[in-house]
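One structure is given below, encoded as structure tokens.
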Amino acid sequence: GAGVSQSPSNKVTEKGKDVELRCDPISGHTALYWYRQRLGQGLEFLIYFQGNSAPDKSGLPSDRFSAERTGESVSTLTIQRTQQEDSAVYLCASSLPDSGTRRNEQFFGPGTRLTVL
Amino acid sequence: GQNIDQPTEMTATEGAIVQINCTYQTSGFNGLFWYQQHAGEAPTFLSYNVLDGLEEKGRFSSFLSRSKGYSYLLLKELQMKDSASYLCAVRAPGLSGYSTLTFGKGTMLLVSP
């Protein structure tokens, strides 16, 4: 399909292990975002990629979290030494480039549900 | 900092009208979005306001007052399928200079028969 895809859909891991989450944005969307959503909570911004510019990492909660993006395609979010508090749904979204006040809404993937035991 | 407030829960009956309010205090403003999120699913775009006034789209309308830091989402002729969480989000310049979205915690709407 033409939407944002994420894998895996579910991930169960043991405390202390590393996990890698993948996001495939919509083709042509140069902007890519990662969010975390804890149960019953809103979306918490993690990181934002815009083309080849330096990413906005201001939302990453600790240095255990990192993300990479190759060009304007796939992105991976890595969580090292996972903790139980990392359990959440991790959502990826993509959009056309940020251009001030144009709508350019974000399109979300289905998310990866991470459970840390 | 960015702060967005919306009620946690609302209930309404099928066929009725409901208004979900959102107030915000942000550093900068480049537009306000409403998203719908059904349980276990990804958020989907509903509406966008960048200028003051009302935007109407079918059964859904959204209003913005920038001077008051206030928006509302109006849902008419409620249907059972409208039971979902409604997320208010404000776009504003981030540390990188590009704009990012800050989301409220969402309003869970329950529509009963």
Scan of the range A:35-53 for residues that are buried (at least 20 other Cβ atoms within 10 Å of the Cβ) and over 22 Å from B:A84 (Cα atoms), ordered by number: A:L46, A:I47, A:Y48, A:F49, A:Q50
When you scan the range A:70-81, do you find a residue that is open to solvent by 50 Å² or more (accessible area, probe 1.4 Å) and under 28 Å from A:K15 (Cβ atoms), even just one? yes
Got a sec? Which of B:E9, B:E41 is of a type in the set (D, E, K, R), under 11 Å from B:S85 (Cβ atoms) and at pLDDT below 95? B:E41
Evaluate the range A:75-84: report whether one residue or more is in a loop (DSSP other than H, G, I, E, B) and among the small types (G, A, S). no
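Can you name the residue in the range A:49-58 that is within 8 Å of another protein chain (Cβ to nearest Cβ), assigned to a loop (DSSP other than H, G, I, E, B) and within 15 Å of the chain's Cα centre (by Cα) and is also farthest from A:D24 (Cα to Cα) among such residues?
Among them, the one singled out is A:S58.
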Of the numbered conditions (1) away from chain B (no Cβ under 14 Å); (2) in contact with a His (Cβ under 8 Å, 6 or more places away or on another chain), A:T76 fails exactly one; give the number of that condition. (2)
Got at least one residue in the range B:21-29 being within 14 Å of chain A (Cβ to nearest Cβ) and without any contact (Cβ under 8 Å) to a residue 40 or more places away in the chain? no
Confirm whether B:C22 is closer than 19 Å to A:C92 by Cα and open to solvent by less than 50 Å² (accessible area, probe 1.4 Å). no
What tally of residues in the range A:88-109 results from selecting those that are under 14 Å from the mean Cα position of the chain (by Cα) and open to solvent by 40 Å² or more (accessible area, probe 1.4 Å)? 1
Considering only strands (runs of 3 or more DSSP E) fully contained in the range B:29-113, which possess at least 1 residues that are surrounded by fewer than 17 Cβ atoms within 10 Å (Cβ to Cβ)? B:44-49, B:53-57, B:60-65, B:70-75, B:84-93, B:107-112
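One line per residue, one yes/no per condition, for (1) without any contact (Cβ under 8 Å) to a residue 24 or more places away in the chain; (2) assigned to a loop (DSSP other than H, G, I, E, B); (3) more than 9 Å from chain B (Cβ to nearest Cβ):
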residue: A:K15; (1), (2), (3): no, yes, yes
residue: A:L21; (1), (2), (3): no, no, yes
residue: A:G40; (1), (2), (3): yes, yes, no
residue: A:I47; (1), (2), (3): no, no, yes
residue: A:L60; (1), (2), (3): yes, yes, yes
Looking at this structure, is A:Y48 closer than 19 Å to A:Q6 by Cα and touching an Asp or Glu at 6+ places or on another chain (Cβ under 6 Å)? yes
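The values are calculated or read from the model by the stated rules, or taken from the named source; none is laboratory data. Not measured: the values here are computed from a predicted model. With ideal geometry, Cβ positions are generated from the backbone for all residues, glycine too; neighbour counts draw on all protein chains shown. All accessible areas refer to the heavy atoms of the entire protein, side chains included, with ligands and DNA or RNA removed. Shrake-Rupley method; radii C 1.70, N 1.55, O 1.52, S 1.80 Å.
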